[in-house]
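Structure first, commentary second.
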Amino acid sequence: MNNTSVSRGIPSYVNEAREKWAAGREDFREKHNAGATGKEVVTGLSGLLDDVLNDLFSAAAESLGPDLNSRVAMVLHGGNGRGEVAPFSDVDLMLLYHGSLTDDVVELSRRISQNITDAGLRPGYSLRNTRDACGMATKDPETFTSLTASRFLVGNHELFLAFESKFKRLATRRSPYVIRGIINARSQERIKFGETVYLLRPNVKKSRGGLRDIHLIRWLGFVRYGVSDIAEICDRSHLTNADRDQILASNEFLLHLRNEMHFHAGRANDQMGRNEQVRVAEKFGYEETGAMLAVEAFMQEYFRYTSRLRYVCDYFSRISSNRRTISSQVLAPLVTRSLDDNFRIGPEAIGMSKAMLEKYKGDLHEVLRLMQLCGLHERIIEQDTWTGIRQTMLESDDIGFDERSARRFMALLSNTTRLPVMLRRLHEMQVLQKIIPAFKHARGLLQFNEYHSYTVDIHSLKAVSEAVALENEPTVVGKTYTGLRRKNVLHLALLLHDLGKGFAEDHSEVGARIAMETAYRFGLSDEDAADVVFLVHKHLVMSDIAFRRDINDSAMVAQFASKVGSVERLSMLFVLTCADIAAVGPGVLNDWKLGLLTGLYLHAKKILTGDAENAPEGSRHQLLSIEIAAHGQSTEEQEWLRKHAANLPGNYFNIRPPDVIANELKQLIGIGPDQMRCWVHRIPDSRMIDLVIAKHKRRRSGNFYRLTGMLTALGYTIFSCDIKSLDDDIIWMWYGLHDNNFVDPPPSRIEQTIEKTRKLIKDGGGEWEPPVFRKSWRETESRALQLSRPEIGVEINNQSVDTATIIDVFAYNKTGLLYTIAEKIYRLGLDVSYVKVATYAHQVVDVFYVTDEHGNKLRNREQIHNIKNEILTVVESYLEPQGSE
């Protein structure tokens, strides 16, 4: 066994082991592709790895002395110890030695570690005696959890048994401390890899609901009961047969998925990105329907397995960490009292007696009453009660919903105290879908786009949470929410607003029908029913207007206000819109969007009340204009400032104090035809800057499209753009820019931007050289983008405003797109009077108010048709993938 490969300096037995492992792994790849289960593959790979390691150990130990086997033992732990080896996972093992650490043991350890590496395996390796291993385990939860799955492979078996016995005694003696450490360590890991089950790019091993939660159950079972086998843990604990079946089913699903990801990548890969989701869905045979992509069907099943696993894991973690002492068991009856004949309350939880649970666990009215009591007394649901209710909801399709249940649920929605927690608990217990049947379809439903961060059901629950968080906030939206008379109607609409997704028809139309059916099912009054249906059906209207239209256009806002109909309904729509956007993901409802929505709300409210003077909130824009005007030195100057401030974009007031705006406007008094002013507002410690340009208006100057091209070529991303006329002579251009080249743009960068801007406008494009942008998508992203990107579309609206024709362009964002569109509009002989750009992740909506060369809106239908087709053609051509970058 001392033969060596001379050319590589590696012993021949190591090369043989390498070939054996590679060939065997390839055999299991073929078995996996032929339909072998996940458990069959990982168990088979574990057996193969055992053989390889045994060979390497025996060959390394043979030349070091005949008695070495009696002083060491090779111990597998982690996944290797469980007998679940993923195709490219690490080799977790420990060389356990007895007595003093002699030179021959050190040399054996070195050879084993080197040979494992040379054989093409990644060792997670340690050399320890029993005392060191147990000592390390008490200090490091990761070491402890890994050793709970220890398994003897080769060497001195008695040595291993002695270690195993001491380790189990240690676990039992220090179980409360160990359990806390294990759960805390897993919590930290969840934070890093995904605290929510519904993460849209999950790690199948370490995100919540992943394989690590099964490992957590095994670890805690080892500490509590001395066993790590799932079936044995269930037999000895409060976990039911249904829980056992769910754990095993989730384990099989995740193992099979992880094997596929490893085999395809040819390396350890547990992170399931968007392209991987698309590929796996196709590989596993999920099919697209008219309403749902194959990848969405696959991910919905993924979330179904992981969410149920998460519930079982959380429950087992609670009962493991809440192990009662003898004294607490004696005292428990003394501190537990009856609320009435059905419920009992203790220091931490409220539950039902065994008899009452059997009677009422399928009674929605009593379940909702229990939830209300938990909210009132700030308690959780007692675990046996929780489990009994959830199991009944899972197993029974015949859960009655009556008028009493409806009243109870609407009362629950009225109370904002702990409402988000109560709704989340109802959803986890499978109760919410018995109250609102459409929630069953939405459970785990993926929105495969770059905009949403959560599944439909979780997004809906978060929307309610975002609304409740507004209570007593000093902002306009906070005061509006606090003042609502029927918060329960708003909360119900938030729960329903996106449940129409996942069907072929527009989700707002489907949602309106779901809202109507729910209103009838709940027996709502005509007023409440009409408001719920309106809010669900029109939940996108306010954001569409705020982000795509000029909210200072009184005629358009009046039309919007008339369709809403009342201040109370407008207030609910305003709060719903803000909560909906905030629930999309962290930071999505930024100050820019909130400012636009607030401006539209206040303008519409002023119109509906008809009393601008006595409605301070409704006249905020007007009041700020007056405050700006106060900085004027004369009556004439004050009037000039007031008039022009009133025409500024409403959102500009949110980011600039009145004195700064006044000083900027003063510089425009008397501005000549060939003059301009330019300001850059740098946002400290960020990549963001605002570029403001004010100049004398000139038709068809081409400055807009050239500026857009120049800024993009400089390395800026234009995330917002607001261009409008302050009067007949002055045009105001406001760009929101993200600097791709500097984390914190230096003064020289700002000076360069201002200089190039002034030169471009002064020259009028005389020396203009069109920028060149890369026109290709990265190959690694193209498949997911083809599915997740919005459809390219161009709409021309000639009805919303009297003074211009509106062109809306919907597309996925790409460097240079805005420039391409703006240039095309210029080449078509159109003049741009107003622009608004809104970007949502990969999606962009560009809005242009245009007129003909005489300043009139477009009237000729054939001309409008041709303009639409030409813009659509140039956008599609520009966005067409052309290879990899």
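The values are calculated or read from the model by the stated rules, or taken from the named source; none is laboratory data. Bear in mind the structure is a predicted one, so any value in this text is a computation, not a measurement. Don't worry about glycine lacking a Cβ; one is built from the backbone with ideal geometry, like all the others, and counts go over all protein chains shown. Calculation scope for accessible area: heavy atoms of the full protein, side chains included, ligands and nucleic acids excluded. Shrake-Rupley method; radii C 1.70, N 1.55, O 1.52, S 1.80 Å.
The residue that is nearest to the chain's Cα centre (by Cα), counting only those in segment 278-302 that are more than 19 Å from GLU252 (Cβ to Cβ) and assigned to a helix (DSSP H, G or I), is GLU296.
Each row is one residue, and each column tells you yes or no for (1) under 23 Å from GLY829 (Cβ atoms); (2) surrounded by 15 or more Cβ atoms within 10 Å (Cβ to Cβ); (3) among the acidic types (Asp, Glu); (4) in contact with a helix residue (DSSP H, G or I) (Cβ under 9 Å, 6 or more places away or on another chain).
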position: ILE661; (1), (2), (3), (4): no, yes, no, yes
position: GLU664; (1), (2), (3), (4): no, yes, yes, no
position: GLN675; (1), (2), (3), (4): no, no, no, no
position: TRP679; (1), (2), (3), (4): no, yes, no, yes
position: ALA694; (1), (2), (3), (4): no, yes, no, yes
position: LYS697; (1), (2), (3), (4): yes, yes, no, no
position: TYR705; (1), (2), (3), (4): yes, yes, no, yes
position: LEU726; (1), (2), (3), (4): no, yes, no, yes
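Filtered by the rule that a residue be open to solvent by 10 Å² or more (accessible area, probe 1.4 Å) and not in a loop (DSSP other than H, G, I, E, B), segment 216-232 gives ARG218, TRP219, PHE222, ARG224, TYR225, ALA231, GLU232. With respect to the conditions (1) modelled with pLDDT under 90; (2) more than 24 Å from ALA185 (Cα to Cα); (3) of a type in the set (Lys, Arg), ARG110 lacks only one, and its number is (1).
Among the residues that make up segment 478-494, is at least one of them assigned to a loop (DSSP other than H, G, I, E, B) and under 25 Å from the mean Cα position of the chain (by Cα)?
So in segment 478-494, the residues assigned to a loop (DSSP other than H, G, I, E, B) come out as 483-486.
Filter once more, so that each one left must be under 25 Å from the mean Cα position of the chain (by Cα): none.
Checking segment 478-494: not a single residue is assigned to a loop (DSSP other than H, G, I, E, B) and under 25 Å from the mean Cα position of the chain (by Cα).
Taken residue by residue, segment 830-839 has no member that is among the charged types (D, E, K, R), modelled with pLDDT under 90 and within 26 Å of the chain's Cα centre (by Cα).
Of all residue pairs spaced 6 or more apart or on separate chains, those with beta-carbon atoms under 8 Å, a first member in segment 160-180 that is farther than 18 Å from ARG224 by Cβ and open to solvent by less than 60 Å² (accessible area, probe 1.4 Å) and a second member that is part of a helix (DSSP H, G or I) and hydrophobic (A, V, I, L, M, F, W, C) are PHE163/ALA133; PHE163/CYS134. Candidates are the residues of segment 547-592 that are among the basic types (Lys, Arg) and at pLDDT 85 or above; the one that is most open to solvent (accessible area, probe 1.4 Å) is LYS563. For first residues located in segment 109-127 and at negative phi, partners that are assigned to a strand (DSSP E or B) and of a type in the set (D, E, K, R) and lie 6+ apart or on another chain with Cβ distances below 8 Å form the pairs GLY124/ASP92.
For segment 309-328, the criterion of being open to solvent by 30 Å² or more (accessible area, probe 1.4 Å) and at pLDDT 85 or above is met by at least one residue. Mind listing just one residue for me: the one in segment 844-877 that is outside any helix (DSSP H, G or I) and open to solvent by 60 Å² or more (accessible area, probe 1.4 Å) and, of those, farthest from ASP591 (Cα to Cα)? Restricting to residues being outside any helix (DSSP H, G or I) and open to solvent by 60 Å² or more (accessible area, probe 1.4 Å), the top hit is ASN860. Listed by first and then second residue, the pairs linking a residue in segment 352-379 that is open to solvent by less than 10 Å² (accessible area, probe 1.4 Å) to a residue that is in a loop (DSSP other than H, G, I, E, B) and of a type in the set (Asp, Glu), with Cβ atoms under 9 Å apart and 6 or more places separating them unless they lie on different chains, are MET352/GLU382; LEU364/ASP402. When each of ASN663, ASN703 is tested for being modelled with pLDDT of 80 or more and under 16 Å from ARG758 (Cβ atoms), the lone residue that passes is ASN703.
Filtering segment 807-829 to residues that are modelled with pLDDT of 85 or more and assigned to a strand (DSSP E or B) leaves ILE807, ASP808, VAL809. Looking at this structure, is GLY210 open to solvent by 20 Å² or more (accessible area, probe 1.4 Å) and either at pLDDT 90 or above or on the phi > 0 side of the Ramachandran plot (or both)? When the stated conditions are applied, GLY210 does not pass them.
Within segment 783-806, is there a residue that is within 30 Å of TRP679 (Cα to Cα) and modelled with pLDDT under 65? There is no residue in segment 783-806 that is within 30 Å of TRP679 (Cα to Cα) and modelled with pLDDT under 65. Tell me yes or no: at least one residue of segment 16-30 is open to solvent by less than 30 Å² (accessible area, probe 1.4 Å), touching a residue at least 60 places away in the same chain (Cβ under 8 Å), touching an Asp or Glu at 6+ places or on another chain (Cβ under 6 Å) and farther than 19 Å from SER126 by Cα. Looking for residues that are open to solvent by less than 30 Å² (accessible area, probe 1.4 Å), touching a residue at least 60 places away in the same chain (Cβ under 8 Å), touching an Asp or Glu at 6+ places or on another chain (Cβ under 6 Å) and farther than 19 Å from SER126 by Cα, one finds at least one in segment 16-30, hence yes. State yes or no: is VAL532 outside any helix (DSSP H, G or I), among the hydrophobic types (A, V, I, L, M, F, W, C), open to solvent by less than 30 Å² (accessible area, probe 1.4 Å) and more than 30 Å from SER625 (Cα to Cα)? Here the answer is no, as VAL532 does not meet what is asked. If we scan segment 510-518, do we find a residue that is without any contact (Cβ under 8 Å) to a residue 60 or more places away in the chain, surrounded by fewer than 22 Cβ atoms within 10 Å (Cβ to Cβ) and closer than 22 Å to ALA604 by Cα? No - not one qualifying residue is present in segment 510-518. Considering only segment 503-526, I want to know if a residue exists there that is of a type in the set (S, T, N, Q), on the phi < 0 side of the Ramachandran plot and part of a helix (DSSP H, G or I). Yes: one or more hits. Looking only at segment 233-248, residues that are assigned to a helix (DSSP H, G or I), out of contact with any Phe, Trp or Tyr (no Cβ under 7 Å at 6 or more places or on another chain) and either open to solvent by less than 50 Å² (accessible area, probe 1.4 Å) or touching a residue at least 40 places away in the same chain (Cβ under 8 Å) (or both) come to 5 in all. When you scan segment 350-461 for helices (runs of 4 or more DSSP H) that lie fully inside it, which ones turn up with 3 or more residues that are farther than 28 Å from LEU524 by Cα? In segment 350-461, 354-360, 383-395 are the helices (runs of 4 or more DSSP H) which contain 3 or more residues that are farther than 28 Å from LEU524 by Cα.
For segment 441-449, the condition of being over 24 Å from THR385 (Cα atoms) and open to solvent by 20 Å² or more (accessible area, probe 1.4 Å) holds for at least one residue.
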